[in-house]
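Asker: First the structure, which I've put down as structure tokens, then a few questions once you've had a look.
The values are calculated or read from the model by the stated rules, or taken from the named source; none is laboratory data. Quantities reported herein were computed from a predicted structural model and do not represent experimental measurements. We place every Cβ from the backbone using ideal geometry, glycine too, and count neighbours over all the protein chains shown. With ligands, DNA and RNA removed, areas are computed over all heavy atoms of the protein, side chains included. Shrake-Rupley method; radii C 1.70, N 1.55, O 1.52, S 1.80 Å.
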Amino acid sequence: MAEVVTMKAEKRGSVGTGGARAARNAGRVPAVLYGEGGEPAHITVDAKQLNMEAHRSGFFVTLY
């Protein structure tokens, strides 16, 4: 069975270009979570943690 990686995410206060730029300047990666029948959730993830996980073997293969 594949290893499950949990990443801490925070809800973004502002959306759009300005909010995404502010998140990047703070060392975070802006993202949007889409779910079945729900409203999109605008979040940010720590850039260092995402970078470490993305460089691990099989990260993009197991992302779902």
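Asker: What is the calculated FRET efficiency for HIS55 to VAL15, with r their C-beta to C-beta distance and R₀ = 30 Å, to the nearest 0.05?
Answerer: Approximately 0.60, to the nearest 0.05.
Asker: If a/c stays under 1.5 just call it rounded; otherwise compare a/b with b/c (prolate if a/b is bigger, oblate if not). Do that for segment 1-60, with a ≥ b ≥ c from the square roots of the Cα gyration tensor eigenvalues.
Answerer: Oblate, because a/c is 1.5 or more while a/b does not exceed b/c.
Asker: Let me know the charge dipole size of the chain about its Cα centre in debye, to the nearest 20, where only the beta-carbon of Lys, Arg (+1) and Asp, Glu (-1) is charged.
Answerer: With only Lys, Arg, Asp and Glu charged at Cβ, the dipole is about 340 debye.
Asker: Right, something else. What does the accessible area per residue of the chain come to in Å², with a 1.4 Å probe and no ligands, DNA or RNA counted?
Answerer: Accessible area per residue: 83 Å².
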